[in-house]
Amino acid sequence: MSTIDPAADIHAARRAVDTQRERRAVFGSIRMHIVLSILAFLMCLPFLWMVLTSLKPLSEVGGDVWLPSRIETTRMLGIPVPQNYVDVFDYNNPDMHRRGIQFARFYWNSIFVASWVTFLQVLTSAMAAFSFSRLQWPGRDRVFLMYLATMMLPGLVMMIPNYQIMISLGLVNTLTGLILPAAFSAFGTFLLRQFMLTIPMSLDEAAEIDGANKWRVFWDIIMPMARPGLITLAIFTFMGNYGSIFWPLVMLKSEANYTLPIGLMYFDSTRGQSTHLLMAATTMSIAPMILVFVLLQKYLVKGIQLGAVKG
Amino acid sequence: MNPNPSSNTPAIAAPPPGDIKHDPKKPFSPSRSRRDRNNLLWGMAFLSPNILGFLAFTLVPLVMSLGLAFSNWDLRLHNMFTDERVKFIGVDHFINLFNDRNFYQYLGNTLFFLLSLPIGIALALLGAVLLSQDLTGGGRRGRGLTTASLLGISVVMVTSVVLLTLTGMFTTALMIVLAGLFGVILVGGSIGGQTVYRTLFYIPNFVSGVATILLWKKLYNPIDGPINSGLEAPLAAVGRTALAMPPWLFPVLSIALFSAALFLLARGVYRLRSQHVDGDIGFAGFILGSILLALPLLLAFLFWAPASWMGSVSIGLLGLLIGFWIFQTASRPVQFKSKTSEGIGGAIMLGILTLAGASILIGLASVARNLPIIAGDTEGLTPPLWLQTPFWAKPAIMLMGLWGAIGSQTMLLYLAALTNVPGELYEAADIDGAKRSQKFWNVTWPQLAPTTFFVFVMGIIGGLQAGFEVARIMTQGGPAGSTTTLAYFIYAEGFETGRLGFSSAVSWTMFILVLSVTLFNWKFGNKYVND
């Protein structure tokens, strides 16, 4: 066609501009992806070294070669398991009857303590948060301010007196002694109060008109509504106590009561030269945390951004 | 300037009273006093489990701890064999503490560790800005194109590495693993987008604890750790190259780097001045920021100048010059009058950030200056022994702390704050023809100031109490006390030496430090950053 159609021309020009813009956007985002991948890759390197070392025999630890030349395995329940991961459990423990007691015990202690603390802390914090956010009583805000102020206290200040209290209660070197002080948290109360303030008050009023008492309001209405907050606090509390170091280190005296972090420190101080086993142990203690994080990160990110977490 | 300050000011900084006002219009209320009593009973009932624990494990210990700090309770004196009475000894512990040279070393260590805080914040900001970029290639077609090309890139990369290894051109199979890992991350990122990268960035922060500290202890091991075995060859090569270079190169390089640092500092002063003239920063903030920026000069004067009179004269002249400039700019007429304390937080932030960059450059300058001397040594350039030397132990620990800083909680807070920056501001900046860097410094950075101030204050509060785990697990506070922080000092005195009274006194000293930072935050945090 020889005739010039101005409309077609404009269309063609606009398309050209669009393609150019699109191409630039695509190139830009590809570049961003590569930059981000490189950063993420670099951050994964220590973990990669840890996992690879945990698969090596002791003779290959160290040097430039990251890869194990062979991976020894044992069959457990029909699945081949790397030998080191089995050895961690009964390392240096010739008594076959007590086989596997140490490390499995540390795991169990950690999970036991963390679960109890989580249950108790979420419950007490939720009740206190309910009281602070939805009930009217004189002096309420003043008491709450006092709670907030104690969040700023360094935990170290209370550590020695708390230890004395534990001695007088006879709870030193017991798991109860780990659970009890951690079961009450100003931070948890604060976090859940922030969540509960976002729930409309009309729900409570409607329920009270229907004849529900405060406990029913709390349990049947507020608790289900505050579920995201409860889950967030539960994850924080669980992970915090699963990995907590200071208080268990002070409190626990016998190996049978060690939690996982204290057990790892013990492992390092007694058998730290066996780098391959130590790395197997750290891999095993980190792996569940990564799993929990990847599965539940939705709640965590929200919680951190909402509560601007302590520490 | 900020339309909704409450939404991106984290909650601790500004505790909202959250009054749920009593509704007077509510009908059929029983007699007022009965209702009040009823409310009080329910309120107490719900609060009681928590407040009992709170009293038993927070308030009572707090009071006890204060009492302990003034007593001579010592497990070596007061045990079942020597049953002396615990006595009230007044402020003796505090006097001893302030006369104790070790205390100042440990306090210095704690403050030294805090130097990594601005770097960590800067990395987190970088992470947040990178993550909030457009990763979709704009629109659906762009997204498809992006994903397809990224998949293509990773497939090509992995197969080429595999082929190269099989044909024997690479000697190690490790390359396959590394390429595979990178490929997996790239593919995951191209499918999952921001979430995948955010998750990977955050993982080191989430799993931090004994396991990662032990891992880094092994990584830093000079004999069989991968860091030193990886550094050996490149460092030796650098050393050989340094010796082969003409000797005048290094002083020149050093001077160039130092000048770059000075330029950065000068730019910081310039920015401070222009914001002061515009009325965004008051006089107090301006002076405080300038003092921060002058810190390197002061330190240089204290530490380097005594070495040579040439050095002291040149640094003195430089200081005079900059001081004159600051004086001149400070006395210039201010166009928009602002309150004295306005924008003090922003000014401090600016000072700290510039300082971080400048100190890195100054460090590099010092490295460049000393490189030929070290390389000329008999052993050549060798990697440091990290945790085993007093000089390198602290930087090694700080480096470990910065691993993952790019994806820390600070990054998550920044990410949330970035989404709250109103888009109109960027549109207005676009219309004014602002460049990318201008948009960042004039739109993004001021809008993020409340977050920056919050994470900075929280970082200081946390940092003053930190360092126990690392010192206990990695170094036992050594070598020569170089990694003992206040927290580890308190632990060691209280639970290893058994001086409970003294340990409590140290912990109260730390408490007062933390409290002063908190009060500073309450005074300036909300009012002056958030304008």
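The values are calculated or read from the model by the stated rules, or taken from the named source; none is laboratory data. None of these values were measured; they are calculated from a predicted model. Don't worry about glycine lacking a Cβ; one is built from the backbone with ideal geometry, like all the others, and counts go over all protein chains shown. In case anyone asks, the SASA skips ligands and DNA or RNA and just uses the protein heavy atoms, side chains included. Shrake-Rupley method; radii C 1.70, N 1.55, O 1.52, S 1.80 Å.
Nothing charged except the Cβ atoms of Lys and Arg (+1) and of Asp and Glu (-1): what's the magnitude of the dipole of chain A about its Cα centre? Round to the nearest 20 debye.
200 debye
Charged side chains reduced to their Cβ positions (Lys and Arg at +1, Asp and Glu at -1) give the stretch A:6-53 a dipole of some 100 debye around its Cα centre.
Please compute, for peptide B:193-203, the average count of beta-carbon atoms on other protein chains lying within 10 Å of each residue's beta-carbon.
5
The value of relative contact order for the stretch A:87-307, using C-alpha pairs under 8 Å at least six residues apart, is 32 percent. Placing one equal scatterer on every Cα of the stretch A:6-53 and applying the Debye formula, the log10 ratio I(q)/I(0) at q = 0.16 Å⁻¹ is -0.62.
Between B:ASN99 and A:VAL172, the FRET efficiency from the beta-carbon distance, with R0 = 35 Å, is close to 0.55. Exposure check, 1.4 Å probe, all protein chains in place: A:GLU72 carries approximately 90 Å² of accessible surface. Estimated at the nearest 10 Å², the accessible area of A:TRP215 is 100 Å² with a 1.4 Å probe. In this structure the amide hydrogen of A:THR73, modeled in the peptide plane, comes within under 5 Å of the amide hydrogens of A:GLN83, none closer than 5 places in sequence on its chain.
If R0 equals 45 Å, the separation of the Cβ atoms of B:ALA173 and A:ASP220 corresponds to a calculated FRET efficiency of about 0.15.
Other residues whose C-beta falls under 11 angstrom from the C-beta of B:PHE502 contribute a net charge of -3, scoring Lys and Arg +1 and Asp and Glu -1. Estimated at the nearest 10 Å², the accessible area of A:SER285 is 10 Å² with a 1.4 Å probe.
What is the magnitude of the charge dipole of the protein assembly as shown about its Cα centre, with +1 placed on the Cβ of each Lys and Arg, -1 on the Cβ of each Asp and Glu, and no other charges, expressed in debye to the nearest 20? Don't skip to the end; give the middle numbers.
Details: 57 positive and 42 negative charges, 262 e Å.
Roughly 1260 debye, rounded to the nearest 20.
Of the peptides B:231-244, A:24-37, the ranking by mean beta-carbon count within 10 Å, highest at the top, reads A:24-37, B:231-244. Buried between B and A is an accessible area of approximately 9900 Å², summed over both sides with a 1.4 Å probe.
Spacing of the modelled spin labels on B:ARG85 and A:LEU45, each 7 Å from Cα toward Cβ, amounts to 6.4 nm.
Suppose R0 equals 45 Å. What FRET efficiency, 1/(1 + (r/R0)^6) with r the Cβ-Cβ distance, do A:LEU295 and B:SER33 give to the nearest 0.05?
Numbers: r = 52 Å, r/R0 = 1.15.
Efficiency computed from Cβ-Cβ geometry: 0.30.
When peptides B:188-194, B:89-95 are sorted by average Cβ neighbour count within 10 Å, with the highest value leading, the order is B:188-194, B:89-95.
How large is the helix-only mean residue ellipticity at 222 nm for chain A, computed as the sum of -39500 (n - 2.57) over DSSP H runs with n ≥ 4, divided by its residue count, in deg cm²/dmol to the nearest 500? Walk me through the numbers before you get to the answer.
Values: 12 runs with 213 residues, N = 311.
Taking each H run of at least 4 residues, the total per residue is -23000 deg cm²/dmol.
The 1.4 Å probe gives accessible areas that order B:LEU298, B:LEU262, largest first, as B:LEU298, B:LEU262.
Inside 10 Å of the C-beta atoms of A:145-154, what's the mean count of C-beta atoms belonging to other chains? Present the calculation step by step, with values, prior to reporting the outcome.
Numbers: counts 2, 4, 6, 3, 3, 4, 3, 10, 9, 14.
The per-residue average across the peptide is 6.
Accessible surface ranking for B:VAL155, A:VAL88, A:VAL292, 1.4 angstrom probe, highest first: B:VAL155, A:VAL292, A:VAL88. The overall shape of the stretch B:45-185 is prolate: from the C-alpha gyration tensor, with semi-axes ordered a ≥ b ≥ c, the ratio a/c is 1.5 or greater and a/b exceeds b/c. Projecting the Cα atoms of B:MET245, B:LEU272, B:LEU219 onto the dipole axis of the stretch B:199-273, where Lys and Arg carry +1 and Asp and Glu carry -1 at the beta carbon, places B:LEU272 farthest toward the positive end.
Since only A:VAL157, A:SER185, A:GLN136 are under comparison, the one whose Cα sits farthest along the positive direction of the charge dipole of the stretch A:89-229, derived from C-beta charges on Lys, Arg, Asp and Glu, is A:VAL157. In order along the stretch B:354-365, phi translates into HN-Hα couplings of 4, 4, 4, x, 5, 5, 5, 4, 5, x, 4, 4 Hz, rounded to whole numbers, per the Karplus curve 6.51 cos²θ - 1.76 cosθ + 1.60 with θ = phi - 60° and x for Gly and Pro.
The residue among B:SER132, B:PRO49, B:ILE431 whose Cα reaches farthest toward the positive pole of the charge dipole of the protein assembly as shown, with charges on the beta-carbon of Lys, Arg, Asp and Glu, is B:ILE431. When each of the peptides B:52-62, A:158-168, B:120-130 is scored by the mean number of other C-beta atoms lying within 10 Å of its residues, the order from highest to lowest reads B:120-130, A:158-168, B:52-62. Largest first, the residues A:HIS11, B:HIS276 sort by 1.4 Å accessible area into A:HIS11, B:HIS276.
The mean count of C-beta atoms from other chains within 10 Å of the C-beta of residues in A:234-240, rounded to a whole number, is 1. Excluding ligands, DNA and RNA, the accessible surface per residue across the protein assembly as shown is 49 Å² with a 1.4 Å probe.
For the cross-link pairs A:LYS56/B:LYS217; A:LYS253/B:LYS218; B:LYS87/B:LYS523, which exceed 29 Å when the distance is taken from alpha carbon to alpha carbon?
Values: A:LYS56/B:LYS217 18 Å; A:LYS253/B:LYS218 26 Å; B:LYS87/B:LYS523 39 Å.
Going by Cα-Cα distance, B:LYS87/B:LYS523 fall outside the 29 Å limit.
If you keep only loop residues by DSSP, which trypsin sites (Lys or Arg not before Pro) in the stretch B:430-508 have at most 11 other Cβ atoms within 10 Å of their Cβ? Sites meeting the loop and neighbour criteria: B:LYS435.
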